[in-house]
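First up is the structure itself, then whatever we jot down about it.
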Amino acid sequence: MKDVHIVVGVLTIGLNAIAGLYGAWCWWRSRPSTWFWRLLRLAQAMIVVEAALGGVLAAMGKKTPSLHLLYGLLPLLVSFLAEQLRVASAQMILDARGYASAQDVGALPEEEQRAVVLAIVQRELGVMVLAALVSVVLLARAAGTA
């Protein structure tokens, strides 16, 4: 079981790194990508699986250092908080541009609507890229404290 935890941990670090780096490239190029979101969701699911495997090992009596538990569980919190920020991104962009709601944006010419939508997607992408990269660091640190 410990070997499975290690293999899944390495895969989790790798998937988060790939998602983070690919997302950073998409963010820099201002290009939305459905592949980024698929990779990110898979990486987030792997974080949950890895934490669950760690929980099973702990329930089986495997002793682990407290830092390993902390660094192993923090990516769950980081992902949750990033999702909350991502949800708020649209409203932040609308507020910054002086729009009360999405209906106000719908009244704009098509080109301006696209600019607002791109700004929202760009903000969401940036938040989630940072979360993936922070998760990589935390998971790598967890691996180092095992």
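Nothing in this text is a laboratory measurement; each read-out follows from the coordinates by a stated rule. Bear in mind that the values here come from a model prediction, so they are computed numbers and not experimental data. Note that we place each Cβ from the backbone using ideal geometry, even for glycine, and neighbour counts take in every protein chain shown.
A few remarks follow.
- The angle between the Cα long axis of helix 34-59 and the longest principal axis of the Cα atoms of the chain comes to about 30 degrees, rounded to the nearest 10.
- Annotation for Ala51 and Arg29: the two label points, set 7 Å from Cα along the Cα-Cβ direction, are 3.2 nm apart.
- Zone of Val10's modelled label, taken as backbone nitrogen in segment 120-146 under 15 Å from a point 7 Å along Cα→Cβ: 140, 143-144
- Listing Thr34, Thr64 from fewest to most neighbouring C-beta atoms within 10 Å gives Thr34, Thr64.
- Between helix 110-144 and the chain: long-axis angle, C-alpha atoms, 0 to 90°, nearest 10: 10
- Helix-only arithmetic for the chain: the sum of -39500 (n - 2.57) across DSSP H runs with n ≥ 4, divided by the residue total, places the mean residue ellipticity at 222 nm at -30500 deg cm²/dmol.
- Taking the fewest neighbouring Cβ atoms within 10 Å as the starting point, the ordered list for His5, His68 is His68, His5.
- Near Leu76: Cβ cut-off under 12 Å, other residues only, Lys/Arg at +1 and Asp/Glu at -1. The net charge is -2.
- Radius 13 Å from Cβ of Gly106, net charge of other residues (Lys, Arg +1; Asp, Glu -1): -2
- The alpha-carbon atoms of the chain, seen along their principal axes, cover 61, 25, 18 angstrom, with the largest extent given first.
- Exposure proxy for Ser79, Ser101: other Cβ atoms within 10 Å of each Cβ, ordered fewest to most, give Ser101, Ser79.
- Loop-resident trypsin sites (Lys or Arg not before Pro) (DSSP state other than H, G, I, E or B) in segment 62-113 with no more than 11 further Cβ atoms inside 10 Å of their Cβ: Lys63.
- With Cα atoms, 0 to 90° folded angle of helix 66-96 axis to the chain main axis: 10
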